[in-house]
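Structure record follows, encoded as structure tokens.
Here, each number is a calculation from the coordinates, and none is a lab measurement. Everything numeric here is computed off the predicted structure, so don't read it as measured data. Here the Cβ is made from the backbone with ideal geometry for all residues, glycine too, and neighbour counts use every protein chain on show.
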Amino acid sequence: MVSSQGNYYLEHKKEIMNQFSKMMLTATEVGRKHFGEETLSELTRRSTDEFEALLPSLPFLGGKNNPSLGLILQSAQTLAFYKACKSVGLDVREFAQLMYEVGEAYYDSVSSIKKRMFRWMAFSSRAKRSWRKWAAETQRRQYAGNWVGEFIEGDGRSFDWGLNFVECGWLKLIREHHAEEAAPYACLGDFVRMRAMGIGFMRTQTLGCGHPICDFRFMRGYQTPRGWPPENLQEFKTRPQSKQD
């Protein structure tokens, strides 16, 4: 669904494309371990073209005041990168490993100060209030392309707080582009980000893997596992048979 208030993404195209270019710089550095310069140049060009082409059709989710804005832009970046990887002959698992390595490289470059602040914020009362409010708002289903979730209060022992998602904006987007095979792999980025930031993160199910929900759980002091190879993760071990690659 395109914004009814003009197209937010085209109105902010310069800023959005600049952010994408920064991600592609990291992807280029990681890609040099896998490709020659000619292939790498083609991958970069096609990724940029694909991402730019996606912008007019991205669903409007309320603009900058909705936390989902960052999620839908990350989803579009991932979809564009996947399309580009396919165009240069990579299969979905090769794309997934490359994307995982790009994520690790990107978050490794984040300063230790920012990581400490991110850790502190993740378990603050303010953050919990914000996510609780956001989850409640998503249940109104005001925006068709949005995520829909429920805030889960933790007990401080098994986990501190969590989110259960019953609808996923990433999954909705890639279904429109017939790229469902990439669904479970993009979700691995959550393990990359939380592990790099030092935030305890657990999950046993994802909609992308064919489960009925995504069950995000956050826990102080827990060592988030590395998400590659994904077969070591519970969400992959319990994938419904029809969803196996």
Tabulate in residue order the Karplus-calculated ³J(HN,Hα) for segment 166-172, using 6.51 cos²θ - 1.76 cosθ + 1.60 with θ = phi - 60°, rounded to whole Hz; enter x for Gly and Pro. 10, 9, 10, x, 4, 5, 4
Kirkwood Rh in Å, taken over segment 8-243 so that all alpha-carbon pairs contribute: 18.5 Å
Residue-count net charge about T138 - beta-carbon cut-off 9 Å; Lys, Arg +1, Asp, Glu -1: -1
Could you go through segment 222-233 in sequence order and give the Karplus-derived ³J(HN,Hα) for each residue, using 6.51 cos²θ - 1.76 cosθ + 1.60 with θ = phi - 60°, rounded to whole Hz, and x for Gly and Pro? 8, 8, 4, x, 6, x, 10, x, x, 4, 7, 8
Which one of L188, L79, L90 has the biggest mean-square fluctuation once the chain is modelled by GNM with Cα springs under 10 Å? L90
Cα-Cα over 25 Å: which of K33/K83; K13/K133; K22/K64; K13/K64; K64/K114? K13/K133
One finds the C-alpha centres of segment 123-157 and segment 195-245 to be spaced, in Å, by 19 Å
